[in-house]
Ligand code: SF4
């Protein structure tokens, strides 16, 4: 078991604050009164330093269950990444975008820009709105890869935390999970959670307040999770046993 080796993640999401301006029916946060706080800048800079010193070459974002533009420090944080030679991706619902903000973003190391649009009546309406956003904010005028999603489409019940759709499969699923292999998520309080569905840190693998993110990734806990989920043993984890997401055949 301890000989089992695996590569470093290629994406990390660090939740810079705990707030979102929306209350979507398919989002765990909507049904939770969590505190409204910001991750201290000193902690964000600490984890960025750990990533830099650990030779991380992947992409860093600052969302989890928050909307990044509700945090007015976001440009300062992107600036810090640039200073350290780190690259970013971002995901936003677009509500708080302005032309000036988009232009300002283009100065940083943002390699991928994902706009997740909500409230579309149907596919046609979504296509129309996406085009309007592109033209109005000139989202395709910069060097990043632009991705526009019809927000919420295809979302499941978030490992049982919401009742967004009727569950179609028998739980626990006996399928391996693609979610935890290449990405890691850090909650606003520093908890490094199992995956992007682990809102409450039920299967936390560490905390960046007192551990290095690279060490957390290579911890025994993480190793066990990878091995178990590669074998399709979702039943071993409370969260995974309720989850029908990210299935790959075993
Ligand atoms: S099975 Fe579901 S809850 Fe478990 S790690 Fe994968 S995506 Fe997350």
Residue ID - farthest from residue 132 (Cα to Cα), chosen from residues in region 145-162 that are within 12 Å of the ligand (Cβ to nearest atom) and part of a loop (DSSP other than H, G, I, E, B): 161
List the number of the failed condition for residue 152; all other conditions in (1) within 28 Å of residue 9 (Cβ to Cβ); (2) in contact with a helix residue (DSSP H, G or I) (Cβ under 9 Å, 6 or more places away or on another chain) hold. (2)
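Let's see how each residue does on (1) in contact with a helix residue (DSSP H, G or I) (Cβ under 8 Å, 6 or more places away or on another chain); (2) modelled with pLDDT under 95; (3) over 16 Å from residue 11 (Cβ atoms):
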{"residue": "53", "(1), (2), (3)": "no, no, yes"}
{"residue": "75", "(1), (2), (3)": "yes, no, yes"}
{"residue": "96", "(1), (2), (3)": "yes, no, yes"}
{"residue": "122", "(1), (2), (3)": "no, yes, yes"}
Any residue that is more than 12 Å from residue 180 (Cα to Cα), modelled with pLDDT of 95 or more, within 8 Å of the ligand (Cβ to nearest atom) and in a helix (DSSP H, G or I) - is there at least one of those in region 221-228? no
Out of the residues in region 166-200 that are away from the ligand (no atom under 12 Å from the Cβ) and either without any contact (Cβ under 8 Å) to a residue 24 or more places away in the chain or part of a strand (DSSP E or B) (or both), state the one that is farthest from residue 249 (Cα to Cα). 191
Mind counting the residues in region 6-44 that are more than 23 Å from residue 180 (Cα to Cα), in contact with a helix residue (DSSP H, G or I) (Cβ under 7 Å, 6 or more places away or on another chain) and exposed (fewer than 15 other Cβ atoms within 10 Å of the Cβ)? 2
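The values are calculated or read from the model by the stated rules, or taken from the named source; none is laboratory data. None of these values were measured; they are calculated from a predicted model. Positions of Cβ are generated from backbone atoms using ideal geometry, with glycine treated the same way; all protein chains shown enter the neighbour counts.
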